[in-house]
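Here the structure is laid out as structure tokens; the discussion comes afterwards.
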Amino acid sequence: MNRKRILSLLLSAVLAAALAVPAFAAQTSKYNDDWVFIAIDPGHGGIDSGCVATYDGKQYTERDICMQLGLYLKEELESYRHVKVFLTRTPDTPWSQLPSGELKFRMEYAVQECCDFLISLHINDVAPNASVRNGVCALVSRGSYRPEIAEAGKAVAAVALAELEKLGVKNEGFLFRSSEDNTRYPNGALADYYGIVRYGILMNIPSTLIEHGYIRNEHDFRTMLSSEEKLRAVARADAAGLVQYFGLEKNQPDAAPEQAPLRLNDVPGHWAAASITTAIAHGWVDGYPDHTFKPNATLSRADFVTLLSRMSSEDYSVYKTSGFPDVKDDAYYCKSVAWATDAGILDGFPDGTFRPTENVTREQMAHIMRLYLTHKGIDVSEIDPAIDSKISDLNEIGDWARDDVRFCYGAGLLEGRDNAFVPAGTATRAEAATVLLRLYDYVNAQSASETPEQPVEPVTPVEPETPAVPASLHTPIYEGVMPNEPVA
């Protein structure tokens, strides 16, 4: 809407409430990294100009001022370490492409970009006969649902309002307003009225909407909004709340640019979040362009072998063709399949096919994993007979994979599902990341335990005319070489 009429009764005692917000310690991201992703929402856009005022023969719109303020705020925030900023719109975004047919879409954009906070920038308006209203305020949640999210919004807003007040404007504090159509939160509490605030609570992203004075109050306009210099000062004030809340530190002058981490919005809170994050960090697996990992999606045979080849750190780039009739030479998984086949890790189906697009089953994973361990020179012959009693569906496992499952189960590489192994069950992307990480750690542990110790016995004396062999060459290299026997 183009006109905002905020009632005085809704602002009673909110200044005291703002000042009562305690100082917050630096907050960490739910994405387990030391970066902060912030969404800036410049109010209105496209054909929606917001409120309008004319000074000195020039027309000023809320839409354009908030856009410029958003750009200055982005610039200010990015002067701090490990901050990534997103704008819900740009100056050139046409109305038809705004992520804001409704305010809900602006918050959904912040969710998609894995943001830790959304700050919405607006300017207030009043009816012509009420132009005496002045000052800044912040729209925040009452906290009747997910109060910790509400408190984060208040903490950022309280600091920003205090800094804006230093510029010479009145601090009207917090504005609370409840739904007027009985809209309620999942816990039954009456929802907050303002969309940005309500959707932030529902989508688990702290948010606040700051009203930067009244556009038709000349004092507010000339104090904060009438020049680039003043807008930059306002941006610094807005940034101060985020700086304090997240404990941000300024970039060093000569510091090299750092790449923001890949964030996936469906990983936090997932049971395999730690494994997925680690697998991504190792470069074994990637997310999708829409910032998702799809942890519960099934995994194809081609994908599992591709992940395995990446985890192996072996050079599979030299392969050109796989030898399987259903694996094209230009397929993204061709080199991985060819490597695995050459290494004895894959043997395909009796009809000579690989069937790359079929979902990999749990027994197939066990079979491939055990062959991979053999390829790495690890003894996989020892199987604890007691494992059989722990797998209720042991007889449902194919003869070709039964020992593979028994070994992987006993080694802790694979787990059952409700006292069963479910051999024909399909594996998910989350499970693949988890088992590959276990496999990686298992190989490293076995390799470390099998590394022979350096000899401690003295070297057998040699003839004086023969140069002494460096001690490092007396390390056992293969079976049959004695510790005191030089190796050529």
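Applying the condition of being among the aliphatic types (A, V, I, L, M) and over 33 Å from the mean Cα position of the chain (by Cα) to segment 307-337 and asking which residue is surrounded by the fewest Cβ atoms within 10 Å (Cβ to Cβ) yields V318. When the residues of segment 256-285 are filtered to those that are within 12 Å of the chain's Cα centre (by Cα) and among the charged types (D, E, K, R), the one that is surrounded by the fewest Cβ atoms within 10 Å (Cβ to Cβ) is D266. Is it fair to say R370 is among the basic types (K, R) and free of Cβ contacts under 8 Å to residues at least 60 places away in the same chain? Answer is yes for this residue. Note down all Cβ pairs under 9 Å where the first residue falls in segment 52-76 and is more than 18 Å from H219 (Cα to Cα), the second is of a type in the set (F, W, Y), and they're at least six residues apart or on different chains. Pairs that qualify, where the first residue is more than 18 Å from H219 (Cα to Cα) and the partner is of a type in the set (F, W, Y), are K74/F86.
Would it be correct to say that A240 is farther than 30 Å from T374 by Cβ, touching a residue at least 60 places away in the same chain (Cβ under 8 Å) and part of a helix (DSSP H, G or I)? Walk me through how you get there before you give the answer.
On the way: farther than 30 Å from T374 by Cβ: yes; touching a residue at least 60 places away in the same chain (Cβ under 8 Å): yes; part of a helix (DSSP H, G or I): yes.
Here the answer is yes, as A240 does meet what is asked.
In segment 166-213, of all residues being among the basic types (K, R) and in contact (Cβ under 8 Å) with a residue 24 or more places away in the chain, the one that is nearest to I40 (Cα to Cα) corresponds to R198. Per the listing A343, A302, A338, A331, the residue uniquely of a type outside the set (K, R) and under 23 Å from A411 (Cα atoms) is A343.
Looking only at segment 39-55, residues that are surrounded by fewer than 24 Cβ atoms within 10 Å (Cβ to Cβ), under 34 Å from the mean Cα position of the chain (by Cα) and part of a strand (DSSP E or B) come to 1 in all.
Looking at segment 87-100, can you tell me whether even one residue there is out of contact with any Gly (no Cβ under 7 Å at 6 or more places or on another chain), modelled with pLDDT under 90 and basic (K, R)? Break it down into steps so the answer makes sense when it comes.
Filtering segment 87-100 for residues out of contact with any Gly (no Cβ under 7 Å at 6 or more places or on another chain) gives 88, 90-92, 96-97, 99.
When the remaining residues are screened for being modelled with pLDDT under 90, the result is 90-92, 96-97, 99.
Keeping just the survivors that are basic (K, R) gives none.
Checking segment 87-100: not a single residue is out of contact with any Gly (no Cβ under 7 Å at 6 or more places or on another chain), modelled with pLDDT under 90 and basic (K, R).
Given the criteria touching a residue at least 12 places away in the same chain (Cβ under 8 Å), closer than 20 Å to L414 by Cα, surrounded by fewer than 18 Cβ atoms within 10 Å (Cβ to Cβ) and not assigned by TED's automatic domain parsing to the domain that holds A162, does T292 qualify? Here the answer is no, as T292 does not meet what is asked.
Is it true that A386 is of a type outside the set (F, W, Y) and buried (at least 16 other Cβ atoms within 10 Å of the Cβ)? Before you say what the answer is, go through the steps one by one.
Details: of a type outside the set (F, W, Y): yes; buried (at least 16 other Cβ atoms within 10 Å of the Cβ): no.
Judged against the criteria, A386 is not a match.
Applying the set (1) of a type outside the set (S, T, N, Q); (2) surrounded by 12 or more Cβ atoms within 10 Å (Cβ to Cβ); (3) under 23 Å from G344 (Cα atoms); (4) modelled with pLDDT under 90 to E450 leaves exactly one unmet item: (2).
Segment 127-224 holds strands (runs of 3 or more DSSP E) entirely within its bounds, and those carrying 1 or more residues that are of a type in the set (S, T, N, Q) and buried (at least 18 other Cβ atoms within 10 Å of the Cβ) map to 171-175, 207-214.
The values are calculated or read from the model by the stated rules, or taken from the named source; none is laboratory data. For clarity, every value in this text was computed on a predicted model and none was experimentally measured. Methodologically, a virtual Cβ is constructed for each residue, glycine included, from the backbone with ideal geometry; neighbour enumeration extends over all protein chains shown.
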